[in-house]
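Remarks on the structure that follows.
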Amino acid sequence: SLQGYIEKLIIKKDELDGATRQHYLEIAYKHSNRLNSLIAELFELAKLDSGDIELNSENFSLVELVYDCVQDYELQARNRSVRLSVQVDGENPFVYADIALIQRVLQNLIDNALRHTPPGREIMVKLRDSEANATIEVIDTGKGIAKHEIPHIFERFYHAKDNEPSEEIGSGLGLAIVKKILELHQSSIRVRSELNHGTSFSFELPLKSA
């Protein structure tokens with residue numbers, strides 16, 4: 001698509017009016033951004049696959065990280081008329097993990113939830129802690145996922161057949177990256193979903209090291 005619109009601009013440059021040229025440029029720019037994101041995620045996944053990543057684990061406040069991530073997406077959520085909130089059940093848990101990689105997990109899960117939640121609905125990031133672990137759950141009230149598709153959503157480049165608009169389709173790598181990062185932390189991602197009611201992704205991290 002990117003190449004096609006650029007070719008039109010080159011071949012028909014004298015036939016296109018200003019508004020049409022601007023329209024083609026905006027479409028090409030949108031596709032170049034998508035391509036850039038895809039390449040970045042491919043490099044990220046390749047690095048995770050290589051086994052060369054060393055976790056820089058430390059004790060940090062999970063609540064602070066969650067609020068920082070949610071704040072980064074507040075404007076995007078507002079523009080989509082989606083309510084984005086945080087709920088903390090219990091104390092402010094400190095966990096022991098690689099903060100940069102866990103931030104990436106939260107970003108991917110929130111971004112995924114935003115792309116599948118219609119206007120007027122809600123996304124909640126929920127935290128709760130037990131004796132040894134903290135549980136993080138990203139809950140949306142969106143389209144949901146069919147049961148037969150749930151086993152496949154962590155496969156690379158997989159897209160659920162939900163007829164979403166083409167501009168809303170992600171790279172198909174975000175959830176694969178989430179799964180890989182959590183495996184490095186000896187954790188796993190769990191999913192619950194109901195069609196037309198929403199989806200929940202959750203995972204656990206160990207509480208802070210002594």
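The values are calculated or read from the model by the stated rules, or taken from the named source; none is laboratory data. Quick caveat, the model's predicted, so the values are computed rather than measured. Cβ coordinates were reconstructed from backbone atoms using ideal geometry, including for glycine residues, and neighbour counts include every protein chain displayed. Surface areas here come from the heavy atoms of the whole protein model, side chains and all, with no ligands, DNA or RNA. Shrake-Rupley method; radii C 1.70, N 1.55, O 1.52, S 1.80 Å.
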Exercise for the section: Inspect region 107-128 for any residue being touching a Leu at 6+ places or on another chain (Cβ under 6 Å) and not aliphatic (A, V, I, L, M) and give the result as yes or no. Expected result: no
Handout entry: R156 being among the charged types (D, E, K, R) and in contact with an Asp or Glu (Cβ under 9 Å, 6 or more places away or on another chain)
Key = no
Problem - Cβ-Cβ under 8 Å pairs, at least 6 apart or on other chains, region 94-109 side closer than 19 Å to L84 by Cα and in a helix (DSSP H, G or I), far side among the polar types (S, T, N, Q) and open to solvent by less than 60 Å² (accessible area, probe 1.4 Å) - result: none
Completion exercise
Residue pairs qualifying under the 8 Å Cβ cut-off, at least six apart or on distinct chains, with the first in region 75-86 being in a helix (DSSP H, G or I) and the second being open to solvent by less than 100 Å² (accessible area, probe 1.4 Å), are Q76/L114; A77/L84; A77/L114; A77/I123
Problem - Selection count where residues are among the β-branched types (V, I, T) and assigned to a helix (DSSP H, G or I), scope region 141-156 - result: 1
Exercise for the section: Would you be able to say whether some residue in region 157-174 is open to solvent by less than 40 Å² (accessible area, probe 1.4 Å), at pLDDT 90 or above and either under 30 Å from I27 (Cβ atoms) or of a type in the set (A, V, I, L, M) (or both)? Expected result: no
Problem - Neighbours by Cβ (under 6 Å, 6+ apart or cross-chain): first from region 21-49, within 18 Å of S1 (Cβ to Cβ); second among the aliphatic types (A, V, I, L, M) and open to solvent by less than 90 Å² (accessible area, probe 1.4 Å) - result: Y24/L9; A28/L2; A28/I6; H31/L2; S32/L2
Completion exercise
Note on region 62-85: residues more than 13 Å from T117 (Cβ to Cβ) and surrounded by 15 or more Cβ atoms within 10 Å (Cβ to Cβ) are L62, V63, L65, V66, C69, V70
Practice task
Determine whether I11 is more than 21 Å from I123 (Cα to Cα), of a type in the set (V, I, T), at pLDDT 85 or above and loosely packed, with under 11 Cβ neighbours inside 10 Å.
Solution key: yes
Exercise for the section: Quick one: in region 27-36, of everything that is out of contact with any helix residue (DSSP H, G or I) (no Cβ under 7 Å at 6 or more places or on another chain) and surrounded by 11 or more Cβ atoms within 10 Å (Cβ to Cβ), which residue is nearest to G172 (Cα to Cα)? Expected result: R34
Exercise for the section: Determine whether region 66-78 contains at least one residue that is farther than 29 Å from K143 by Cα and either in contact with a helix residue (DSSP H, G or I) (Cβ under 8 Å, 6 or more places away or on another chain) or of a type outside the set (K, R) (or both). Expected result: no
